[in-house]
Amino acid sequence: MAEIKTFKGTESSSDPFNVSYWKKRWEENETGFHRTEINPFLLRHIEIVTGQNLTPEPIGDIAQFQENSNKTWFVPLCGKTMDIPYLLSQGFRVFGLEAAKLAIEALDQEHSLCLVYNEETKLFTGADGLLQIYMGDLFTCPIEDFGPFDYVWDRGSFVALEYPFRSSYIELMKRALKKSDGSWYNFKYLLESFLYDKSIYEGPPRSVDDNDIEEFFKPWCSIKLIETDPLPPDNRVATVVGEEVFARIYFIQPPN
């Protein structure tokens, strides 16, 4: 089995969620988690979220584009994901959250989004007003000021966090998806996760098993596994684990 390389950050009272660690990953180009194409899971399952049979190409129906602009996707720990320009090309609004300024600037430069930063609000705004990115810690963002969100696409946020911080993630998501009166908004939410033996590899990405789903999601939402896909043997995580690793996609809605 290949040597196991972990990327565990160092917690401190001033930086409990390792923001400085992730910024350093971007600075040192340790970004193997970044995809250079639109996420295929998002493409395969966007219809279950939006009710629309969307393709990888920009939407051609102007009326539908305008209608989609009434819906907002929340993309936590967005980095410079290709999924953001894709969602914008379908007419949707996007609210991203990212601590690494380098990643946001790269996203802007690579896709000509014309982002402008407001120091007071910590918001980058661009793409003719369809895109906002909050630059800061996932857990100190006043997320309720920007939501509730129609859709969520979490491709690498929950799995990036160290295990003790998962409950903080859940509390943030609840704030992002509730109305001001405390009731649930009619949200739809895709979560990409990975399943492997936690005793072999510490991550990230960190494993999400059935017990995790039971503990963190089932008490407050309706969650359904919609796809399980083995990673190719040459995938970095599969290589270090030395056995099969599965990508699993969940579809999440308000509680029944």
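The values are calculated or read from the model by the stated rules, or taken from the named source; none is laboratory data. Because the structure is a prediction, the values reported are computed rather than measured. Reconstructed Cβ throughout: ideal geometry from the backbone, glycine too, with neighbour counts over all protein chains shown.
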Checklist entry - Just checking, how many residues over the stretch 173-195 are of a type outside the set (Lys, Arg) and over 22 Å from Leu42 (Cα atoms)? => result 5
Checklist entry - From Phe139, Phe124, Phe194, Phe165, which residue is at pLDDT below 95 and not in a loop (DSSP other than H, G, I, E, B)? => result Phe165
Checklist entry - Between a first residue in the stretch 227-256 that is at positive phi and a second residue that is part of a loop (DSSP other than H, G, I, E, B) and buried (at least 16 other Cβ atoms within 10 Å of the Cβ), which pairs have beta carbons less than 9 Å apart while being 6 or more apart in sequence or on different chains? => result Gly242/Tyr201
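Does Phe149 satisfy the criteria of being outside any loop (DSSP other than H, G, I, E, B) and in contact with a Ser or Thr (Cβ under 7 Å, 6 or more places away or on another chain)?
Criteria not met by Phe149.
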Next on the checklist: If Cys114 satisfies all but one of (1) within 21 Å of Tyr189 (Cβ to Cβ); (2) surrounded by fewer than 19 Cβ atoms within 10 Å (Cβ to Cβ); (3) in contact with a helix residue (DSSP H, G or I) (Cβ under 8 Å, 6 or more places away or on another chain), what's the number of the condition it fails?
Outcome noted: (1)
Checklist entry - Within the stretch 182-214, restricting attention to residues that are without any contact (Cβ under 8 Å) to a residue 40 or more places away in the chain, more than 19 Å from the chain's Cα centre (by Cα) and under 24 Å from Val49 (Cα atoms), which residue is surrounded by the fewest Cβ atoms within 10 Å (Cβ to Cβ)? => result Gly182
Next on the checklist: Show me the helices (runs of 4 or more DSSP H) found entirely inside the stretch 1-90 where at least 3 residues are modelled with pLDDT under 90.
Outcome noted: 19-27
Next on the checklist: Six or more apart or on different chains, Cβ atoms under 9 Å: show the pairs whose first residue is in the stretch 61-87 and without any contact (Cβ under 8 Å) to a residue 24 or more places away in the chain and whose second is assigned to a helix (DSSP H, G or I) and surrounded by fewer than 18 Cβ atoms within 10 Å (Cβ to Cβ).
Outcome noted: Asp61/Glu67
Checklist entry - So which of Arg166, Arg175 is among the basic types (Lys, Arg) and touching a residue at least 40 places away in the same chain (Cβ under 8 Å)? => result Arg166
Checklist entry - Conditions: (1) basic (Lys, Arg); (2) touching a strand residue (DSSP E or B) at 6+ places or on another chain (Cβ under 7 Å); (3) modelled with pLDDT of 95 or more. Lys218 meets all but one. Number of the miss? => result (2)
